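S.K.: Handing you this structure, nothing more for now.
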Amino acid sequence: PVMSFIDENCIVFDADDENKLAYMEIYEAFREMVDGLLTFHLAEMGVSQEQFYKAVASSSSVLSKQLLGQLLVVDDFVSFK
């Protein structure tokens with residue numbers, strides 16, 4: 001679903017530095033999609049979002065730190081754009 005979303009919406013973005021309203025609308029839809037996917041997959045495993053975030057945040061493994069970084073970047077519009 002993520003790659004399909006990107007493929008369907010990338011045409012809207014251009015090299016211009018100006019942020020258009022359409023960018024924010026697409027970004028919000030992306031955030032909602034990622035949140036929904038994460039919630040769905042965690043529910044399938046019987047894990048709440050809070051339990052997941054606590055486990056990832058308290059882990060010292062490189063993989064957990066990378067995962068946390070990827071999840072946090074979803075809330076960063078500049079990285080999304």
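S.K.: Compare the Cα positions of ALA55, LEU67, CYS10 along the charge dipole of the chain (+1 at Cβ of Lys, Arg; -1 at Cβ of Asp, Glu; about the Cα centre) and return the one farthest towards the positive end.
M.R.: Among ALA55, LEU67, CYS10, the one farthest towards the positive end of the dipole of the chain is ALA55.
S.K.: Continuing with the same structure: Quote to one decimal, in nm, the extra length available between ALA29 and LEU67 on full extension: 0.36 nm per residue of separation minus the C-alpha distance between them.
M.R.: So the extension gain works out to 11.6 nm.
S.K.: Rounded to the nearest 10 Å², what accessible area does MET24 show when all protein chains are kept and the probe is 1.4 Å?
M.R.: In the full protein context, MET24 sits at about 80 Å².
S.K.: Let me ask something additional. Against the longest alpha carbon principal axis of the chain, how many degrees, from 0 to 90 and to the nearest 10, is the axis of helix 49-58 turned?
M.R.: 80 degrees
S.K.: When the dipole is taken about the Cα centre of the range 1-41, and only Lys, Arg (+1) and Asp, Glu (-1) are charged at their Cβ, what size is it in debye, to the nearest 20? Intermediate values should be presented prior to the final figure.
M.R.: Details: 2 positive and 10 negative charges, 42 e Å.
In total the dipole reaches around 200 debye.
S.K.: Expressed as a rounded percentage, what relative contact order does the range 1-76 have, with Cα pairs under 8 Å and six or more residues apart?
M.R.: Relative contact order here is 21 percent.
S.K.: Note down the accessible area of LEU42, probe 1.4 Å, to the nearest 10 Å².
M.R.: 10 Å²
S.K.: On to the next question. Any chance you could look up the accessible area of GLU44 with a 1.4 Å probe, heavy atoms only, rounded to 10 Å²?
M.R.: So the heavy atoms of GLU44 present about 120 Å² to solvent.
S.K.: Which angle from 0 to 90°, rounded to the nearest 10, does the C-alpha axis of helix 62-73 make with the longest principal axis of the chain?
M.R.: Long axis of 62-73 versus the principal axis of the chain: about 40 degrees.
S.K.: Would you calculate, for the chain, the mean residue ellipticity at 222 nm contributed by helices, counting each DSSP H stretch of 4 or more residues as -39,500 (n - 2.57) and dividing by all residues, to the nearest 500?
M.R.: Estimated from H runs of four or more residues: -22000 deg cm²/dmol.
S.K.: While we're looking at this one, here's another question. So if I place +1 on the C-beta of Lys and Arg and -1 on the C-beta of Asp and Glu, and nothing else carries charge, what would the dipole magnitude of the range 29-81 be about its Cα centre? I want it in debye, nearest 20. Can you show the working numbers first?
M.R.: Details: 4 positive and 6 negative charges, 38 e Å.
Around 180 debye, computed over the range 29-81.
S.K.: Follow-up. What is the distance in Å between the Cα centres of the range 10-38 and the range 47-81?
M.R.: 20 Å
The values are calculated or read from the model by the stated rules, or taken from the named source; none is laboratory data. Small disclaimer: the values here were computed from a predicted structure and weren't measured. All Cβ positions, even for glycine, are placed from backbone atoms using ideal geometry, and neighbour counts span all protein chains on display. All accessible areas refer to the heavy atoms of the entire protein, side chains included, with ligands and DNA or RNA removed. Shrake-Rupley method; radii C 1.70, N 1.55, O 1.52, S 1.80 Å.
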